[in-house]
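K.L.:
Here's a structure for you.
The values are calculated or read from the model by the stated rules, or taken from the named source; none is laboratory data. Everything numeric in this text was worked out from a predicted model, so none of it was measured. Counting neighbours? That spans all protein chains shown, and the Cβs are built from the backbone with ideal geometry, glycine included.
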Amino acid sequence: MNLFEKAASMIQNSKYTVVLTGAGISTESGIPDFRSPGTGLWEKIDPMKALSTEVLYNDPQQFYRVGFELILSIKDAEPNKAHYMLTEMESAGIINLIITQNIDNLHIKAGSKRVFEVHGNTRTCTCIKCERQYLINQVKDMVKNNSIPPKCSCGGIIRPDVVLFGDMLPECFDKGVREVKLADLLIVIGSSLTVGPVNYLAGICKKLMILNIGDTPFDYRADIIIREKASAALENIMECLKSKLR
Ligand code: NAD
């Protein structure tokens, strides 16, 4: 049995499967991840100086000129084969939930239904005072017109619905923890598993499959690791699953 066949068997034997995705699933959509050598965003930008609540409130010019620009650069990407494969797997009842660390909206754009965006999204922004929601393009226009920080009609600051350094994680993360505890299998795709507290999920799951090009600190407890690009790995696994059903 090759690795893809082994992965397909594990998925077939799991009654409830949760997928956890990270920036690596979206590199094939042209969005750089944080840590890949040479291309990772981390090498170009210090996230603490651009994407933290401290910068948002103390230096809004820096936040909206650098951090918000980074957020805008992600929002219009298109899903790739890996996102669509996961949508197909969900429709076929092969996977039950996607928990994503990504803020690029690509699982939703690809048509996946049960998606927990635990680091937020780049579709909307919210007023921190009255909680009115705005589309990100409305806020983009305010920033373009030098309204920094952008303000709501109530006078409150409008911020992106992305989890910044210094923010709490949304409620869906706690729901995700419960789902992973119940699940038979967690499939991690394109994550270095170095960002907490999300990487904690890889420590509490019953069975762990990792589809990732690089190493992760949780490799030691993985039941199977496939070091392939996400789209190729999923395509091969899906092919094996289909031939099992034929
Ligand atoms: P990371 O950058 O720490 O790790 C990405 C991992 O994916 C690396 O281990 C890399 O080897 C692997 N990888 C790269 N291309 C791949 C491919 N085609 N197939 C399989 N594996 C591939 O990313 P992370 O663990 O998600 O943590 C970074 C944090 O940054 C997350 O919290 C996320 O919110 C944020 N982020 C999001 C985006 C996005 O929304 N697309 C992009 C960059 C960063």
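K.L.:
Filter region 8-41 down to residues that are within 20 Å of residue 229 (Cβ to Cβ) and either over 20 Å from the mean Cα position of the chain (by Cα) or assigned to a helix (DSSP H, G or I) (or both), then give me how many there are. Before the answer, list the steps.
P.N.:
Within region 8-41, the first condition is being within 20 Å of residue 229 (Cβ to Cβ), and the residues that meet it are 8, 10-11, 19-41.
Pick out the ones that are also either over 20 Å from the mean Cα position of the chain (by Cα) or assigned to a helix (DSSP H, G or I) (or both) and you get 8, 10-11, 23-29, 38, 41.
Within region 8-41, residues that are within 20 Å of residue 229 (Cβ to Cβ) and either over 20 Å from the mean Cα position of the chain (by Cα) or assigned to a helix (DSSP H, G or I) (or both) number 12.
K.L.:
Could I ask something else about it? Quick check on region 51-63. Is at least one of its residues within 19 Å of residue 187 (Cβ to Cβ) and more than 12 Å from the ligand (Cβ to nearest atom)?
P.N.:
Of region 51-63, the ones within 19 Å of residue 187 (Cβ to Cβ) are none.
Scanning region 51-63, I find no residue that is within 19 Å of residue 187 (Cβ to Cβ) and more than 12 Å from the ligand (Cβ to nearest atom), so the answer is no.
K.L.:
Within region 210-232, which residues are more than 7 Å from the ligand (Cβ to nearest atom), in a helix (DSSP H, G or I) and hydrophobic (A, V, I, L, M, F, W, C)?
P.N.:
Matches in region 210-232: 232 only.
K.L.:
I need the full set of residues from region 149-195 which are touching a Ser or Thr at 6+ places or on another chain (Cβ under 7 Å) and at positive phi, in order please.
P.N.:
Residues satisfying the conditions are 166, 190, 193.
K.L.:
May I ask you to list the residues in region 73-83 that are over 24 Å from residue 193 (Cβ atoms) and modelled with pLDDT of 95 or more?
P.N.:
Applying the first criterion (over 24 Å from residue 193 (Cβ atoms)) to region 73-83 yields 73, 75-76, 78.
Scanning region 73-83 gives a single hit, 78.
K.L.:
Could you list all residues from region 1-45 that are in contact (Cβ under 8 Å) with a residue 60 or more places away in the chain and among the charged types (D, E, K, R)?
P.N.:
Once the filter is applied, which keeps residues that are in contact (Cβ under 8 Å) with a residue 60 or more places away in the chain and among the charged types (D, E, K, R), region 1-45 yields 5, 6, 15, 28, 33, 35.
K.L.:
Does residue 135 satisfy being surrounded by fewer than 21 Cβ atoms within 10 Å (Cβ to Cβ) and either under 23 Å from the mean Cα position of the chain (by Cα) or in contact (Cβ under 8 Å) with a residue 24 or more places away in the chain (or both)?
P.N.:
Working: surrounded by fewer than 21 Cβ atoms within 10 Å (Cβ to Cβ): yes; either under 23 Å from the mean Cα position of the chain (by Cα) or in contact (Cβ under 8 Å) with a residue 24 or more places away in the chain (or both): yes.
Here the answer is yes, as residue 135 does meet what is asked.
K.L.:
Quick check on residue 145: is it loosely packed, with under 14 Cβ neighbours inside 10 Å and either in contact with a helix residue (DSSP H, G or I) (Cβ under 7 Å, 6 or more places away or on another chain) or without any contact (Cβ under 8 Å) to a residue 12 or more places away in the chain (or both)? Lay out the reasoning, then the answer.
P.N.:
Numbers: loosely packed, with under 14 Cβ neighbours inside 10 Å: yes; either in contact with a helix residue (DSSP H, G or I) (Cβ under 7 Å, 6 or more places away or on another chain) or without any contact (Cβ under 8 Å) to a residue 12 or more places away in the chain (or both): yes.
So residue 145 passes the test.
K.L.:
What number of residues in region 62-94 are in a loop (DSSP other than H, G, I, E, B), on the phi < 0 side of the Ramachandran plot, out of contact with any strand residue (DSSP E or B) (no Cβ under 7 Å at 6 or more places or on another chain) and not hydrophobic (A, V, I, L, M, F, W, C)?
P.N.:
Here the count works out to 4.
K.L.:
For residue 150, only one of the following conditions fails: (1) surrounded by fewer than 21 Cβ atoms within 10 Å (Cβ to Cβ); (2) more than 23 Å from residue 20 (Cβ to Cβ); (3) in contact with a strand residue (DSSP E or B) (Cβ under 6 Å, 6 or more places away or on another chain). What is its number?
P.N.:
Single failed check for residue 150: (1).
K.L.:
Determine which member of the set 93, 67 is of a type in the set (Gly, Ala, Ser), away from the ligand (no atom under 12 Å from the Cβ) and more than 18 Å from the chain's Cα centre (by Cα). Even if it seems obvious, please write down each step before you answer.
P.N.:
Details: 67 fails: more than 18 Å from the chain's Cα centre (by Cα).
Of 93, 67, the one residue that is of a type in the set (Gly, Ala, Ser), away from the ligand (no atom under 12 Å from the Cβ) and more than 18 Å from the chain's Cα centre (by Cα) is 93.
K.L.:
Please determine, by comparing only the residues of region 100-122 that are within 12 Å of the ligand (Cβ to nearest atom) and part of a strand (DSSP E or B), which one is nearest to residue 196 (Cα to Cα).
P.N.:
So the residue we want is 100.
K.L.:
Taking region 167-185 as the search range and keeping residues that are within 14 Å of the ligand (Cβ to nearest atom) and buried (at least 19 other Cβ atoms within 10 Å of the Cβ), which one is nearest to residue 126 (Cα to Cα)? Can you show your working first?
P.N.:
Let us first name the residues in region 167-185 that are within 14 Å of the ligand (Cβ to nearest atom), namely 167, 169-170, 172-173, 176.
Of the ones still in play, those that are also buried (at least 19 other Cβ atoms within 10 Å of the Cβ) are 173, 176.
On the way: 173: 19, 176: 23 Å.
Among those that are within 14 Å of the ligand (Cβ to nearest atom) and buried (at least 19 other Cβ atoms within 10 Å of the Cβ), it is 173.
K.L.:
Another question, if that's okay. Is it true that residue 5 is away from the ligand (no atom under 12 Å from the Cβ), assigned to a helix (DSSP H, G or I) and surrounded by fewer than 15 Cβ atoms within 10 Å (Cβ to Cβ)?
P.N.:
Considered against the rule, which asks whether it is away from the ligand (no atom under 12 Å from the Cβ), assigned to a helix (DSSP H, G or I) and surrounded by fewer than 15 Cβ atoms within 10 Å (Cβ to Cβ), residue 5 comes out as no.
K.L.:
Then there is this: Being more than 14 Å from the chain's Cα centre (by Cα) and assigned to a helix (DSSP H, G or I) is the filter; apply it to region 186-209 and report the residue that is farthest from the ligand (Cβ to nearest atom).
P.N.:
Restricting attention to region 186-209, the residues satisfying the condition of being more than 14 Å from the chain's Cα centre (by Cα) are 186, 200, 202-209.
The next check asks that each one be assigned to a helix (DSSP H, G or I); those that pass are 200, 202-204.
On the way: 200: 13, 202: 10, 203: 14, 204: 17 Å.
Looking at the filtered set, the residue picked out is 204.
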